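Written out below as structure tokens is the structure these notes cover.
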Amino acid sequence: MAVMTKEASRTGISGKSCMKEVPPKQLLTIEEAVDLIVDRLSVKLILNFLAVCCTILNTGAATYVTIFTGYIPYNDWKCLSKNCSDLLASADAPETFYNFNSMCKNDLVAGIDFEWTSKKHTFSIDWGFYCKSEAKLSLVSSIIFIGSLVGLLFSTCLFDWIGRKRGAIFGSLLTLLSLAASAVSTSYPVLILLRAVSGFGLIVNYTGSYCWIVELAPTFLRNPISGFFTLGWTAGTFILIGMSYFINQWHQIYLACAILNVLGIIPFFLLPLPVSPRFSLIKGKKEEAMKTLQVLAQLSGSGASLDTIDLVYEERNQSYLKQIKDFKPNIHPTMLKETLLGMVVWFMVSLISYSYQFGWSKIGNDLHSIYFFAAFGDEVAYSTSVLGCKLLGRKKATFFYFGVVIVMNLLAMLDVRFTATWSLEHLVSIIGNIATSSAFVMMYLYTGELAPTSHRGMILCLSSSCARIGSFVGPYVNLLYGLTDRRVPLALFAGLSLLACVAVWFLPDTTGRSVPETPGDVEKYSEKNKEEEEEGGKRDEEKAGIVFANGLNGLNGHVVYDDRSV
């Protein structure tokens, strides 16, 4: 049902019949209204948007916590049995004997053939996860993404029911409970269950916070906010690296992550930012949307008056089943095509990204330093993706980042060593990780701008669900390093990046384009793009004809400009 609210009226002044006409209000979409009201940056606005980044501090830490709480120290052990001592004595290089190959290829048993000497006490040591049972650690790391997948499917209904902000708060509280319970966990099955619950809460928190802040942002801020929002994730990862460096007991690391989660919940209740005005309008709550716009006007200090603005919006049925029906090919084919292509790209970039994140221990021995550089690379990626997007546009920037991933993985196949601990593979893998993280940021922004407001929650959840499947597979890809040649996973990453480029090729460029509010807007933009492409093709043909004509007539001094002759 289309609703056009108009409050333009005439006020009569009794007495000597003097009628004063009130100027008509501007009829604006919510996109136009936000752009009009938030037309500048202010200190208050910047601080509020940065504070929203703090709401996801827990996400990076809780996702990667098993890297440090479950680390298998293949280089920190010593022999106990005569069998192990004999192997050490017969080794070609005794100083490098203590490694994965010596332990696993000789089927050495912890507590019988060797004992761990690492000062870091992890659950892998407690529960005997090493060599053939290392897949159990991969399951603990990956199961969080199964919980995230379930959370995404659930959050589609949750966001449309209680909104983005309240949904994010619910997810954050659920993560807090699971992290606190993990700190006192004493068994592998219980930790698996808590890890899945944590994933459920994390993705609801992250997706809800992202939708919330992006829908509050004007067009000129959407790109920077999308990039800087993910800095909250990386900041949490840095904090986790620092905590795990100083804390040796894995139980205590989980407890520290729970405390960090509490700090991430506080901004939800301190910030004056209300629910998204777009969500309010879709629910038919115009007055609530106007109050949100008033808050944004105060924060930006623009001085814009809402008395001269009236909103044009479409009140839609947010039924989950109704939204699914909108994806039928004969109803909204463009939205269906763009969503499916986006889901494919999300799967690929997520698989590559989390293979990197959970696989650095396979590339380097100094766990904390290599993860520090990897996290620093993520910071660089999230910061520079804003600049790359501004210079190249959405589509070209996405192509560029995937192209870098392809090149870096091909270079990583070369056997070049700089020092005993650093090689060409280390260096180009960090650069490849930066490009992968940048591509991830681009897909968040790209998907958010392709999806209409009425279906954005569902589309982001579907896309992120595919990413969760890729995330689950990612840590298992790292097992290939111990089973086959190291070039196999590198070739896999390069091939997946190439396929992602092919999928992005068929997506439209959203640079400078208004965000669609409904599926009908998506179809309109598609038709407009086709018309522009056809006009551009005709202009190119005309220019080619002009050049050809100039070439023929140049000898006679007859030059053609457009449709005129000189």
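The values are calculated or read from the model by the stated rules, or taken from the named source; none is laboratory data. Just so we're clear, the structure is a prediction, and the values are computed from it rather than from any experiment. Cβ: placed from backbone, ideal geometry, glycine included. Neighbour counts: every protein chain shown. The accessibility values were calculated without ligands, DNA or RNA, using every heavy atom of the protein model including side chains. Shrake-Rupley method; radii C 1.70, N 1.55, O 1.52, S 1.80 Å.
Do we have any residue at all in the stretch 81-94 that's under 23 Å from Gln252 (Cβ atoms), in contact (Cβ under 8 Å) with a residue 12 or more places away in the chain and not aliphatic (A, V, I, L, M)? No, that holds for no residue.
Of the residues Glu531, Glu517, Glu542, the single one that is closer than 30 Å to Lys395 by Cβ and modelled with pLDDT of 70 or more is Glu517. When restricted to residues that are at pLDDT 80 or above, surrounded by fewer than 19 Cβ atoms within 10 Å (Cβ to Cβ) and more than 30 Å from Trp422 (Cα to Cα), the stretch 374-400 contains 5.
Each residue in the stretch 427-442 was checked for being open to solvent by 10 Å² or more (accessible area, probe 1.4 Å), touching a residue at least 40 places away in the same chain (Cβ under 8 Å) and not β-branched (Val, Ile, Thr), and 1 pass. Looking across the stretch 507-527 at every residue that is in contact with a Pro (Cβ under 7 Å, 6 or more places away or on another chain) and part of a loop (DSSP other than H, G, I, E, B), the one that is most open to solvent (accessible area, probe 1.4 Å) is identified as Glu517.
Pairing each residue of the stretch 309-328 that is open to solvent by 40 Å² or more (accessible area, probe 1.4 Å) with any residue that is at pLDDT 60 or above, provided the two are 6+ apart or on different chains, yields C-beta distances under 6 Å for Val312/Leu27; Val312/Thr29; Glu314/Thr518; Glu315/Gly284; Arg316/Ile282; Arg316/Ser454; Tyr320/Cys157. In this structure, Ala256 does satisfy being closer than 30 Å to Ser118 by Cβ, among the small types (Gly, Ala, Ser) and part of a helix (DSSP H, G or I). Selection of the stretch 417-473 for residues being basic (Lys, Arg), within 24 Å of Leu336 (Cβ to Cβ) and in contact with a Ser or Thr (Cβ under 8 Å, 6 or more places away or on another chain) yields only Arg468. Does any residue of the stretch 267-279 turn out to be open to solvent by 10 Å² or more (accessible area, probe 1.4 Å), under 30 Å from Thr453 (Cα atoms) and β-branched (Val, Ile, Thr)? Scanning the stretch 267-279, I find at least one residue that is open to solvent by 10 Å² or more (accessible area, probe 1.4 Å), under 30 Å from Thr453 (Cα atoms) and β-branched (Val, Ile, Thr), so the answer is yes.
Could you tell me how many of the residues in the stretch 181-197 are open to solvent by 40 Å² or more (accessible area, probe 1.4 Å), farther than 13 Å from Gly147 by Cβ and of a type in the set (A, V, I, L, M)? Qualifying residue count, the stretch 181-197: 2. Residues that are touching a helix residue (DSSP H, G or I) at 6+ places or on another chain (Cβ under 8 Å) and either buried (at least 18 other Cβ atoms within 10 Å of the Cβ) or more than 27 Å from His368 (Cβ to Cβ) (or both) within the stretch 414-426 comprise Glu425, His426, listed in sequence order.
Of all residues in the stretch 266-285, one or more are more than 30 Å from Val65 (Cα to Cα), at pLDDT 75 or above and more than 29 Å from the chain's Cα centre (by Cα). Does Val52 qualify as being within 30 Å of Val262 (Cα to Cα), touching a Phe, Trp or Tyr at 6+ places or on another chain (Cβ under 8 Å), crowded, with 19+ Cβ neighbours inside 10 Å and at pLDDT below 80? Spelling it out, Val52 is indeed within 30 Å of Val262 (Cα to Cα), touching a Phe, Trp or Tyr at 6+ places or on another chain (Cβ under 8 Å), crowded, with 19+ Cβ neighbours inside 10 Å and at pLDDT below 80.
Among the listed residues Tyr446, Tyr525, identify the single one that is more than 16 Å from the chain's Cα centre (by Cα) and of a type in the set (Phe, Trp, Tyr). It would help to see each step written out before you state the result.
On the way: Tyr446 fails: more than 16 Å from the chain's Cα centre (by Cα).
Exactly one of Tyr446, Tyr525 is more than 16 Å from the chain's Cα centre (by Cα) and of a type in the set (Phe, Trp, Tyr), namely Tyr525.
Sort through Leu411, Leu496 and tell me the only one that's without any contact (Cβ under 8 Å) to a residue 40 or more places away in the chain and touching a Leu at 6+ places or on another chain (Cβ under 9 Å). Walk me through how you get there before you give the answer.
On the way: Leu496 fails: without any contact (Cβ under 8 Å) to a residue 40 or more places away in the chain.
On inspection, the qualifying residue turns out to be Leu411.
All conditions in (1) open to solvent by 10 Å² or more (accessible area, probe 1.4 Å); (2) in contact with a Cys (Cβ under 8 Å, 6 or more places away or on another chain) hold for Thr207, with the sole exception of (1).
Selection of helices (runs of 4 or more DSSP H) fully inside the stretch 83-180 by the criterion of at least 3 residues being modelled with pLDDT under 90 and surrounded by fewer than 19 Cβ atoms within 10 Å (Cβ to Cβ) returns 100-104, 134-162. Specify the residue that is nearest to Gln357 (Cα to Cα); the eligible residues are those in the stretch 231-265 that are without any contact (Cβ under 8 Å) to a residue 60 or more places away in the chain and open to solvent by 60 Å² or more (accessible area, probe 1.4 Å). It comes out as Phe246. Anything in the stretch 439-489 that is more than 28 Å from Thr518 (Cα to Cα) and among the small types (Gly, Ala, Ser)? List them, or say none. Those that are more than 28 Å from Thr518 (Cα to Cα) and among the small types (Gly, Ala, Ser): Gly470, Ser471, Gly474, Gly482. Could you count how many residues in the stretch 449-495 are touching an Asp or Glu at 6+ places or on another chain (Cβ under 7 Å) and open to solvent by 50 Å² or more (accessible area, probe 1.4 Å)? Adding up the residues that qualify gives 0.
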